[in-house]
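None of the figures in this text is laboratory data; all of them are computed from the coordinates on show. These numbers were taken from a predicted model, which means no experiment stands behind them. Every residue, glycine as well, gets a Cβ built from its backbone with ideal geometry; the counts of neighbours run over all protein chains shown.
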Amino acid sequence: MVRRLDDISRTDIEESPDSRELDVGPHASWKEWMLTREDIGYGPAQQYEGGEHGDGSVTRERRRGARARRAPARDPAVGPYWQRLQRRERPDRWIQAEIEETLFFDTWVDANRITVEVRKGVATLIGTLQSRHEVDLALDDARRVPGVRQLRNHLEIEP
């Protein structure tokens, strides 16, 4: 039989077996009806601030342990074998082809007016462009190519 809330009287609540354990009346303390960490399965509460003794102190062992557990800070984009990239030498023709391709796909640079030469990783850009901004963009594109050790600028600006 389903009973509506209106049909339940105060005496029904007081006589139920659950109500004997927990008083939810208007004068009940919040500690009596509030769920605790232990009730929901999280375990006992830990000291949040104030240290282990409640006076703000933290023991030397605790400090040392916290430091020992911390992982060393490093760049997440660099793996443990990053040094092999410095030892890698790409053939000059590969570097030249990649610079030419990078300049071609940069729509702010007129790549048809630039000649690229590469010898032992030293790239030289030769040509005439319309503005200083276009020259700077071309140089930035060439610098980003892996294997370029040095960049020589022989680009001129049209009068």
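Just a few scattered comments:
- Full extension of the chain between R113 and A97 gives 4.2 nm of extra length, using 0.36 nm per residue less the Cα-Cα distance.
- Kirkwood hydrodynamic radius over Cα pairs of region 91-157, then Stokes diffusion coefficient at 10 °C and 1.306 mPa s, in µm²/s: 139 µm²/s
- Extending 7 Å from Cα along the Cβ direction at Q86 and again at T36 yields two label points whose distance is 5.8 nm.
- Spin-label model distance (nm) - R152 vs V78, 7 Å beyond Cα toward Cβ: 3.1 nm
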